[in-house]
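The values are calculated or read from the model by the stated rules, or taken from the named source; none is laboratory data. A quick note: this is a predicted structure, and the numbers were derived from the prediction, not measured. Note: ideal-geometry Cβ built from the backbone for every residue, glycine included; neighbour counts use all protein chains shown. Ligands, DNA and RNA are excluded from the accessible area calculation, which covers all protein heavy atoms including side chains. Shrake-Rupley method; radii C 1.70, N 1.55, O 1.52, S 1.80 Å.
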Amino acid sequence: MLLLRCPLPLLLLLLPLGSRPQKLPTRDEELFQMQIRDKAFFHDSSVIPDGAEISSYLFRDTPKRYFFVVEEDNTPLAVTVTPCDAPLEWKLSVQELPEEASGEGSGDPEPLEQQKQQITNEEGTELFSYKGNDVEYFVSSSSPSGLYQLDLLSTEKDTHFKVYATTTPESDQPYPELPYDPRIDVTSLGRTTVTLAWKPSPTASLLRQPIQYCIVINKEHNFKSLCAVEAKLSSDDAFMMAPKPGLDFSPFDFAHFGFPADNNSGKERGFLKSSKFGRQTSPKPRVDLHRVCIGNKNIFTVSDLKPDTQYYFDMFAVNTNTNMSTAYVGTFARTKEEAKQKTVELKDGKVTDVFIKRKGAKFLRFAPVSSHQKVTFSVHSCLDAVQIQVRRDGKLLLSQSVEGVRQFQLRGKAKAKYLIRLKGSKKGASMLKILATTRPNKQSFPSLPEDTRIKAFDKLRTCSSVTVAWLGTQERNKFCIYKREVDDNYNEEQKKREHNQCLGPDTRKKSEKVLCKYFHSQNIQKAVTTETIRGLQPGKSYLLDVYVIGHGGHSVKYQSKLVKTRKFC
């Protein structure tokens, strides 16, 4: 049975006046919608309507009481109280309605005040109580008939709140439902941007109701309700939305508390509009709080943030039919620090080691002390590919991706200064070696073929040996091959973690060394060498590494090769 929608005096007059009990009126939908559209009907009312959210105001330490009637036993009931800008104390209780009136069956009506006292002076049975600033619910699938009282109190300050009550909670569902995981995920973090993602509301994905998502960003704390955001945005802690006809309304006349009349009450409200108190108040500083509604997307990038700053992010699903909202679990994140333009000085002919964080960057500077016709940059990327940019006196000369060993020769200029920007990989941290020189014959890194894989010949495998081959270049270099026994469950992921081309033979055990030899070929098509590695154990796995060592002593490792001897021969 539905809740009563009428002012309290009228409600009391409708109570039984004779010896025979009378039924309270139930909800007439057409009349109900007409009453809600008529704003004056609920001015200064203490009655909670069925199936509509009301907004109201509490003065500090001044309690407020609301009523509603449930006619029949075993009626479903749901009550939602939303504090806005201060914690609330609220209690829901019920008391029986009088079945017979006094007057000894005379049929004469009792005085109005006597009826009122007969109902309201009794202490009802407490059903639920709460103290705090969370959106809290009372839900019952089977409630007794009676007069229900909702008592509210704010002990901290004057505040706004919202109340919603319904006897048809299963069918109404005015608040958007949250997904099974209501958290907001931070999927990407930059110096001035944060990307957020969340799971869609089932109200949109399953029930096909119109839902839009509204994001709130601030530097202070998370918010538990959208009306808390609205209160914070208001310059003097006062707000009241202009109502949508038939959906929500103001429960009292603004003029009753010194509010100016709202001349735009018939207009559809925007996301966060506010009305002002009529009384004079000192203006408050502007709140550093931003909000944006993005439609039904479930991923969004917040931009124009400050580096190295902590922000709080809240997401609200808003049902555009009812204009009622539900809060996701908020999150927070600190933007990355501003990139410090610390520049490393390169010395002519000297190799410099560089470490770059994932997606990070490093700046290097090369200023030759003498005149030069050409300048050579040699780069050895130890792990994944890195990006290199070279500018001469501000002009971009080079922008390339480097994997393995690369050499770049640029035209020189008297008194020129070179700025090198190295950008790391998106996969992980990057390590590299770089050499800058004005002397063309000063080459510290060995040359490499395009293909640095090691090939194993399966048909030449035995129980104690494997035969492998690799490519060389036209330049005569020293090659050293090493082996290491590994477990049978050694996989490609482990091999990838050990793939650091900058680790030289000096990091290996002497027992792992197989041999070293010099090799080159003027015919690049024939620059291939083979080697048979003997003395291995049957049915065992081995990791093979080939190092090429340049004239300057720096080495580069080929891609590791996992081989296995035959178990039976």
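Think of region 344-437 as having a plus end and a minus end, set by charges on the Cβ of Lys, Arg, Asp and Glu; of Ser371, Leu396, Ala414, Leu396 sits farthest toward the positive end of this dipole. The figure for His290 is an accessible area of roughly 100 square angstrom, using a 1.4 Å probe on the protein chains alone.
Heavy atoms only, 1.4 Å probe, whole protein assembly: order Lys567, Lys413 by accessible area, highest first.
Working: Lys567 140, Lys413 105 Å².
Heavy-atom accessible area, descending, gives Lys567, Lys413.
Which whole-number percent of Cα pairs in region 344-437 have a distance greater than 18 Å? Cα-Cα pairs of region 344-437 separated by over 18 Å account for 38 percent.
Roll a 1.4 Å probe over the protein chains and send me the accessible area per residue for region 344-437 in Å².
On the way: 5030 Å² over 94 residues.
Value returned for region 344-437: 54 Å² of accessible area per residue.
Residue-wise HN-Hα couplings along region 131-144, as the Karplus relation 6.51 cos²θ - 1.76 cosθ + 1.60 with θ = phi - 60° gives them from phi, are 9, x, 10, 7, 6, 10, 10, 10, 10, 9, 7, 8, 9, x Hz; Gly and Pro carry x. Calculated accessible area for region 454-564 comes out at 56 Å² per residue, all protein chains present (probe 1.4 Å; ligands, DNA, RNA ignored).
Of the trypsin sites (Lys or Arg not before Pro) found in region 136-190, the ones in coil according to DSSP and having at most 13 other Cβ atoms within 10 Å of their Cβ are Lys157.
In what sequence, highest mean first, do 146-153, 199-206 appear when ranked by Cβ atoms within 10 angstrom? All intermediate terms of the calculation are to be shown ahead of the outcome.
Details: 146-153: 20.1, 199-206: 17.2.
Order by mean packing, descending: 146-153, 199-206.
Largest accessible area first, the listed residues Glu230, Glu177 line up as Glu177, Glu230 when surface is computed with a 1.4 Å probe on the assembled protein chains. Along region 345-354 the Karplus relation, 6.51 cos²θ - 1.76 cosθ + 1.60 evaluated at θ = phi - 60°, assigns HN-Hα couplings of 7, 9, 9, 4, x, 10, 6, 10, 8, 10 Hz to successive residues, with x for each Gly and Pro. Shown for region 344-437: the carbon plus sulfur share of the solvent-accessible area, taken with all protein chains present and a 1.4 angstrom probe, equals 47%. Amide H contacts of Asn477: Phe519, each under 5 Å away and 5 or more positions distant or on a separate chain (H built 1.01 Å from N in the peptide plane; Pro and chain starts excluded).
Applied to region 313-318, the Karplus parametrisation 6.51 cos²θ - 1.76 cosθ + 1.60 on θ = phi - 60° returns per-residue 3J(HN,Hα) values of 10, 10, 10, 10, 8, 10 Hz, with x for Gly and Pro. Contact order, relative form, for region 378-467: 32 percent (alpha carbon pairs under 8 Å, 6 or more residues apart, mean separation divided by residue count).
The length gained by stretching the chain between Phe457 and Lys131 to full extension, at 0.36 nm per residue less their Cα-Cα distance, is 109.7 nm. Here each label is just a point 7 Å from Cα along the line to Cβ, and for Gln474 and Ala361 those points are 3.7 nm apart.
Could you sort out which of Lys336/Lys362; Lys336/Lys426; Lys350/Lys513 sit more than 27 Å apart by Cα distance in this structure? Kindly include the intermediate steps, with their values, before the conclusion.
Details: Lys336/Lys362 16 Å; Lys336/Lys426 16 Å; Lys350/Lys513 29 Å.
Checking Cα-Cα distances, Lys350/Lys513 exceed 27 Å.
If R0 is 30 Å, what FRET efficiency do you get for Tyr518 and Gln387 from their C-beta distance, rounded to 0.05? Write out the running numbers ahead of the final one.
Values: r = 34 Å, r/R0 = 1.15.
Here the calculated transfer efficiency is 0.30.
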